[in-house]
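The values are calculated or read from the model by the stated rules, or taken from the named source; none is laboratory data. Source: prediction; values computed, not measured. When we count neighbours, we look across all protein chains shown, and the Cβ atoms used for this are built from the backbone with ideal geometry, even at glycine. Note: accessible area is taken over every heavy atom of the protein model, side chains too, but ligands, DNA and RNA are not part of it. Shrake-Rupley method; radii C 1.70, N 1.55, O 1.52, S 1.80 Å.
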Amino acid sequence: MQAHRWVQPSVLPGFGLTLGFTGAFLAAIVLIPIAALVLKGASLPFSEFWRIATEPRALASYRLTFGASLLAASLNAVFGFIIAWTLVRYSFPGRRLVDAIIDLPFALPTAVSGIALATVFAPQGWLGRWLAPLGIQVAYTWIGVVVALTLIGLPFVVRSVQPALAEVDKTLEEAAESLGASAWTSFRRVILPAVAPSLATGFALALARAIGEYGSVIFIAGNLPMRTEITPLLIVIKLEQFDYLGAAALGLVMLMMSFLMLLTINALQGWRARRATGRGR
Amino acid sequence: MSISLEQVSKHYDGAAAISDVSADIADGEFFVLLGPSGSGKSTLLRAIAGLTTIDRGRIVLHGRDVTHVSAREREVGIVFQNYALFKHMSVADNIEFALRARGVRAAERRRRREELLELVALPGLGERLPAELSGGQQQRVAVARALAHEPRVLLLDEPFGALDARIREDLRRAIRQIQRTVGITAILVTHDQEEAFTMADRIGVMDRGRLQETDEPRVLYSRPRTRFVATFLGAANVLLGRHEQEGVRIGHSLFEPSPFGRPSRGAEATVVIRPEDLALGQGEAVVGAEPLGRGKVEGLEFVGVLERVRLSVAASTALASAQHPDAKQFLLEASRSAREAELAPLQTGQNVSIGVKRVHVLPTPIGSLRMLAASSERIEQLAASPVIRELAARMHVRPVGRVVDGDAPIDVLGGLPVVEIERDQGLAAPMRLLEIGAHQVLGIADSRRPIDRLLIYVQPTRSAREAALGAAATLLRHLAVDATLLVPAHQRRSLGGSSYRDLLDLRHSALRGYGVDVRTESFDGLLAEAIRNRAHGERATLLLLGVTSNASARGLLEELGPALALDPPAAALIVRGTSVSGAEGASIPYVRQPAAASAFR
């Protein structure tokens, strides 16, 4: 009898090797650059750091970046779910085509999508033309930022929810139906809880991607300081002015906030998962 | 009646998943649908639950027609094989789900939940999550959940499939107990015959989308009506005997004749003998059993409570394998108790005499398929036709071919002779065989298309009707086809009965006497027209004609001749009635007593 093993036995040997790779890879690609950022930011005296981080222009950019990202990720959670549902539950001509189109925002250079969106939503653009008389201006406002972030985040939600939805056992719905549940009740109480973890993952990924997005937003946002300027752009502006410390300070703030948000989402999900799979056996 | 199914049919992509299933299930009955996978039993259960729509027919639950009522309003409880519990909800929430959906108050819900947990012997586990319970416990929760809204029907879809043997047995008993306590009507779907035998009040055996037979477990085992049920429920030797003037000859013994019709002398009788009904003796005869013949021990298998003996036996005209009708030698399976085996040990290679304690003659008129043609190529062509292939596969018969020049030899006429129908010849070839003594002939005109409809016409005599319905029953059980019985409108009038009543009577006697359901249609005008209108077109039709005598057959064919000669149906089966007695609608007894020693059993 072995008392306690923290290495789970596996069919394939090579725990040492794979853990080594994991460590080295993460270090080279993720940890070392982040550490450099943290070190750079930490070289500022705290009062100076605080001053840069809480400048009115910086605060406005946080509001826009995180607000628009949350809104975009939420929109994606709703509409991405509906798209995934349509793709999984129905078969219609052109389904594969639609399925392929979902991934386009992954592949398209973000600048291209930004320019395309700006063209379409400009007051004379194909869609902007119809929205302008209604008093809705999309391009060069915060709405444009949300639209751009929604576009680039969509595939994350669809691709996370799709497999989970396909896995939802049809008999669960049939059981709910035979027990007298309405379609809405069985959706709310049976299907949604079953795909909730994947939906949360998709939401988190879309959110993370939106917070870091730069390329597409700068073409449609108009980049007015205090109004439509996102934090990543502010960082680039600081870099162009050779204000490396200022850029590092803003970067650090973003890093911490993103980290906190993702950690919260993951923790919530972990708690849910533990509840659903049970404590015993 | 708690549940009534009336000619329920369901097709998936043109293939029949359920064909004309009719059944009545009584209040509080535990009914088991038994069948191999793909037999349509689960589809039928889902149709009753309302989870699948049906194409035709009616489903009535407690006098209420629910054919077009959604699952949520049918008030049935379902238990699925994979439990289908809501994983993110506690056991209590799972059980209360149906009550919540109906807006039942919290206090009442709690009371009901406690009651149900008590009923399924899981008190105090309400707060657990399903994943914290064992498989058997989860299935008990599923049962409690299905009963929460007090449905009047409980449907169980292979509920023990995913469980260990031991737990399965406990749960079987528990569910039966719960069902009795609650007094609910239950239908269980399974492919496990032991499960069906131990739980069922009645079993409905399904195969190929058809309810093959429905009866109490004991009756189904000892007096099956079909080869399928005989071989699906336990081991069975299926043999061919002979109908003779005095009775049914099987090997060296003669058994009482069949009272449900008197097939022509020399016709084959399909006989089922269970291994435990064979007795083996080392001397000339076996004490306490009718002699069957002699055989050689080919193999012995000791399996604890009994010993299985495989014997090879020489075939004769009154004793042949139904599976290989032309084999010179065939194998019989016998079983003896361990004690018998100990008292009179046998050795491989030893010659023994074989006796039989009990035989059961199947009511099917079709024992073997015997193809007759002028050359071996033609025989191969017949053998390759979908009708023959399907019948042979489903009946487990190897069709036998015989090259004939001129008239067929008499010895093949006992089974079902199969001949080719030549275009422009009409049904002349089958008729020739009837003339020389065959009592039934199958003619095949189109040897490429599979048959998908059976059209039946019967001359208005009891013997013709019985012969035709018997043959139809066999065909329907082995081919996935629809059946329509044609009744001429003028015939109804001449008999003085009301039309609807007469149609019902025919359908009823088919259902009761032969256990199959057919549709009935009446027609005005000429029979040839009626047949041609229906046998025409896309669907390949098998025309079944029940005739009274050779003379009346000739008359009928003259009437049909020109029309059918130009455009024959894909296949035609002519059966000639021979019965001289038999009360209308009398049920068919199956177990024969030996003619010589009727005191013996």
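Remarks
- Here A:Arg129 meets the list (1) touching a helix residue (DSSP H, G or I) at 6+ places or on another chain (Cβ under 7 Å); (2) among the charged types (D, E, K, R); (3) more than 11 Å from every other protein chain (Cβ to nearest Cβ) almost entirely, failing just condition (1).
- Helices (runs of 4 or more DSSP H) lying entirely in segment B:93-188 (those with 3 or more residues that are away from every other protein chain (no Cβ under 14 Å)): B:106-119, B:165-182
- Residue in segment A:237-256 that is among the basic types (Lys, Arg) and within 14 Å of another protein chain (Cβ to nearest Cβ) present: no
- Hey, A:Ser186 crowded, with 20+ Cβ neighbours inside 10 Å, more than 19 Å from A:Arg51 (Cα to Cα) and within 14 Å of chain B (Cβ to nearest Cβ) or not: yes
- When restricted to residues that are open to solvent by 80 Å² or more (accessible area, probe 1.4 Å) and among the aliphatic types (A, V, I, L, M), segment A:108-135 contains 3.
- When segment A:219-235 is filtered for residues that are assigned to a helix (DSSP H, G or I) and open to solvent by 40 Å² or more (accessible area, probe 1.4 Å), only A:Phe219 remains.
- Counted residues, segment B:513-542 - those being more than 20 Å from B:Arg465 (Cβ to Cβ), modelled with pLDDT under 75 and either of a type in the set (Val, Ile, Thr) or open to solvent by 60 Å² or more (accessible area, probe 1.4 Å) (or both): 2
- Here A:Glu174 meets each of (1) part of a helix (DSSP H, G or I); (2) among the acidic types (Asp, Glu); (3) away from chain B (no Cβ under 14 Å) with one exception, condition (3).
- Pick from segment B:81-92, criterion open to solvent by less than 40 Å² (accessible area, probe 1.4 Å) and over 42 Å from the mean Cα position of the chain (by Cα), ranking: nearest to the other protein chains (Cβ to nearest Cβ): B:Met89
- Of the strands (runs of 3 or more DSSP E) entirely within segment B:12-69, those holding at least 2 residues that are more than 23 Å from B:Phe228 (Cα to Cα) occupy B:56-61.
- Residue check, A:Thr150 free of Cβ contacts under 8 Å to residues at least 40 places away in the same chain, buried (at least 17 other Cβ atoms within 10 Å of the Cβ) and not charged (D, E, K, R): no
- Exactly one residue out of B:Arg152, B:Arg172 is open to solvent by 10 Å² or more (accessible area, probe 1.4 Å) and more than 28 Å from the chain's Cα centre (by Cα): that is B:Arg152.
- When B:Phe232 is tested against (1) closer than 19 Å to B:Gly28 by Cβ; (2) open to solvent by 20 Å² or more (accessible area, probe 1.4 Å); (3) among the hydrophobic types (A, V, I, L, M, F, W, C), exactly one condition is not met: (1).
- Residue pairs meeting the criteria (Cβ under 8 Å; at least 6 apart or on separate chains; first at negative phi and at pLDDT 85 or above, in segment B:553-581; second open to solvent by 40 Å² or more (accessible area, probe 1.4 Å) and among the hydroxyl-bearing types (Ser, Thr, Tyr)): B:Arg576/B:Thr548; B:Arg576/B:Ser549
- Residues of segment B:33-47 classified as within 23 Å of B:Val518 (Cα to Cα) and either within 11 Å of chain A (Cβ to nearest Cβ) or not hydrophobic (A, V, I, L, M, F, W, C) (or both), total: 7
- Selected residue (only one of B:Asp13, B:Asp24 is at pLDDT below 95, touching a Leu at 6+ places or on another chain (Cβ under 9 Å) and open to solvent by 30 Å² or more (accessible area, probe 1.4 Å)): B:Asp24
- Residue check, A:Arg279 in a helix (DSSP H, G or I), within 14 Å of chain B (Cβ to nearest Cβ), modelled with pLDDT under 90 and out of contact with any Ser or Thr (no Cβ under 8 Å at 6 or more places or on another chain): no
- A:Ala196 being more than 13 Å from every other protein chain (Cβ to nearest Cβ), in a helix (DSSP H, G or I) and open to solvent by less than 50 Å² (accessible area, probe 1.4 Å): no
Residues checked against (1) β-branched (Val, Ile, Thr); (2) modelled with pLDDT of 80 or more; (3) part of a loop (DSSP other than H, G, I, E, B); (4) closer than 16 Å to B:Ala571 by Cβ:
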residue	(1), (2), (3), (4)
B:Arg448	no, yes, yes, yes
B:Ile451	yes, yes, yes, yes
B:Leu454	no, yes, no, yes
B:Ala471	no, yes, no, yes
B:Leu476	no, yes, no, yes
B:Thr484	yes, yes, no, yes
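- Members of segment A:161-170 that are modelled with pLDDT of 90 or more and at the interface with chain B (Cβ under 7 Å from one of its Cβ atoms): none
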